[in-house]
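Enquirer: This is the structure I have questions about; it appears just below.
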Amino acid sequence: MCVPHGLTLRGVSGDVPGATISFSLDRQSRVTVELIDSSGVLVRRLFDGMLPMGTHELTWDGKDHRSRHLDKAALRCRMLVRLAGGAAHVVCRDMPLDGSARGS
């Protein structure tokens with residue numbers, strides 16, 4: 001199964017938009033990357049599509065799906081990786097707006 005590795009969050013700040021979400025894939029996969037709030041509600045879908053093997057970066061502008069700037073809030077980055085055969089792997093990372101990141 002394709003398991004994403006090296007999933008990191010950098011530059012997360014409640015004052016300055018431009019958080020970067022970095023990850024690597026060991027093979028081409030369909031990837032969905034979403035930001036969710038502490039209740040599990042979708043805040044923003046950053047990407048949904050095919051990506052080749054390798055390292056990738058996505059940038060979040062600090063806005064929700066309605067283009068509203070978010071106040072300081074606890075968010076999680078959820079990444080779903082799907083293979084052609086239907087197998088899937090989900091990775092979540094806390095995305096506190098103080099710049100640190102923790103995984104689960």
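Enquirer: Would you mind ranking 53, 79 so that the residue whose beta carbon has the fewest other beta carbons within 10 Å leads the list?
Expert: 53, 79
Enquirer: Just add up the charged neighbours of residue 61: K/R +1, D/E -1, any other residue whose Cβ is under 12 Å from the Cβ of residue 61.
Expert: With Lys, Arg at +1 and Asp, Glu at -1, the neighbours total +2.
Enquirer: Taking H as built 1.01 Å from N, whose amide H comes closer than 5 Å to the amide H of residue 46, not counting residues under 5 places away?
Expert: Answer set, sorted by chain and number: 33, 34, 35.
Enquirer: Order these by the 10 Å Cβ neighbour count, fewest first: 56, 89.
Expert: Fewest to most other Cβ atoms nearby, the residues stand as 89, 56.
Enquirer: Taking the beta-carbon count within 10 Å as an exposure proxy, list 35, 42 from fewest neighbours to most.
Expert: 42, 35
Every number in this text was worked out from the coordinates using simple rules, so none of it is lab data. Computed from a prediction, not measured in an experiment: that's the story for all the values here. Don't worry about glycine lacking a Cβ; one is built from the backbone with ideal geometry, like all the others, and counts go over all protein chains shown.
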